[in-house]
Structure formats: C-alpha cells, structure tokens
1. Could you pull out the residue among 145, 122 that is surrounded by 17 or more Cβ atoms within 10 Å (Cβ to Cβ) and modelled with pLDDT under 95?
2. Is at least one residue of region 125-142 on the phi < 0 side of the Ramachandran plot, without any contact (Cβ under 8 Å) to a residue 40 or more places away in the chain and in a strand (DSSP E or B)?
C-alpha cells in the first residue's frame, strides 16, 4: 500500500529494485503483505462489511498522479458532501475512503502484493480508508486502528468487444497521460466506488491485522482482502508497464515481498454467510 501523503514517509526516495528488502524501516510482527490461504484461515462469523456512499458519484474532477512509486488518486467527497466509508465486520469505527492506488507486475511476472492460495494475480488495487476518529493523517498513522485497506485482485483478460468497458478500463486509459514521474491527469467521467466492485463477491474476504506496505510500513491497518478478482482487459493493464519512476526508469513490479505471518490470526469470511 502506498502512503496517503508524502509526509507519511520520512523519505520518498525508495524503489522496488529489491522488493523492499533494502528499505530502511523498523519492522515488527504485523507486516504486510502476506500469503493468504483459505484452508489455513480461521473461518469467521463476523457480519459483512457495510459500504456507505459507495453508490454515489464522487465530486470531480478526479486526478490520477504518477508519484514515482504507483499511480494514486485522492478520493474526494461524493456530490452531497459526504464521504464513501466502510464499517461493520466488528470494526469499532467508521472509516472514510481517502485514496486508491495500484500495484502491478511486468510483461514477465504478475504483480499483486498479497498472494491468494500461493498464487499472485496480475495486479492489485488498494482503497485506503482513514478512521474518522482522527482528523489528521499523522495521528491515524501512529494509531493501531488508524486505517482500513481494501485489497482487490485484478485479473487480466482478453478484450471483449461486445461488452462495455468497466470503470477501471476507462480509468486505465488515463495512464497514457501520466507516464512520467510527477505528472497528473484529470478524469472527467462519472465515477463511484461501487462501480469498481461490480462483479466481485463482497461478502467473501480475508481479514487480518497488518501494516502499510511502503515506508514507514507502520502497523496501523486492518486489511480486508477479496480473493475473487475483478477482470480488466489485457490491453488496458499493459498501460502500467509504460510508466516511469522518479529516476526515469520503467516502473515495474512495484510490490513488496511477502512478510512473515508470525503469531497473527487470518480470518476468512465465506460468501455463503447470510448476515
């Protein structure tokens, strides 16, 4: 996961040459990403996640930015001034959506950060939510309940000319305008976060305690990882491979290596749960 603002990291000068092995960060026992397996997880009877204002159009315009590590978009309020948020599933607070960003691979490798049943997907989308109890991001990043992150697997599929492109395929067209570091493109079309989740089973997910996946990798995140992927066209996904980092080098394989689980419990909520 990428930091919401540059101040989350004391230094923004890091890269993925060694998948994070060379990052000078203080790590604990709740680091992310991890490998997730249904057979090893504890089956959960927690209520489903509740998505608030996910069905409402975000106030625009929306801006995609290449910050040298990923492509990120700050999530504004919806048209009525409220924020898309999540709660439920034993969360003690409501968390508002503040940012989304992506992790991807290369022409030779897949690039999701989390592994599902020992396999990676082509890419991974993170939607980061901040606890409403903390007005400042710096307060949230230093608190164990500071953030909720939704991790959505992206699967590359051939073009389907008879189908209307999904919202992500439309968004990925903008990647051609942010190939260089520190460039921004404006997306004018209507956009609501629910459109991203169309076709994905939202009742089924892994849940665990973890960290940011970029420096400073603080352990302040409740992760919800959805194992059933969202399909995007192979053509649009390839636009990620043309992006450049802050050194002018190809921005490829921008995922952190898998971290040790240690003594954490990973929960799995089945799609057949009716509560």
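1. On the way: 122 fails: modelled with pLDDT under 95.
It is 145.
2. Scanning region 125-142 turns up at least one residue that is on the phi < 0 side of the Ramachandran plot, without any contact (Cβ under 8 Å) to a residue 40 or more places away in the chain and in a strand (DSSP E or B).
The values are calculated or read from the model by the stated rules, or taken from the named source; none is laboratory data. All values reported here derive from a predicted model rather than from experimental measurement. Every residue, glycine as well, gets a Cβ built from its backbone with ideal geometry; the counts of neighbours run over all protein chains shown.
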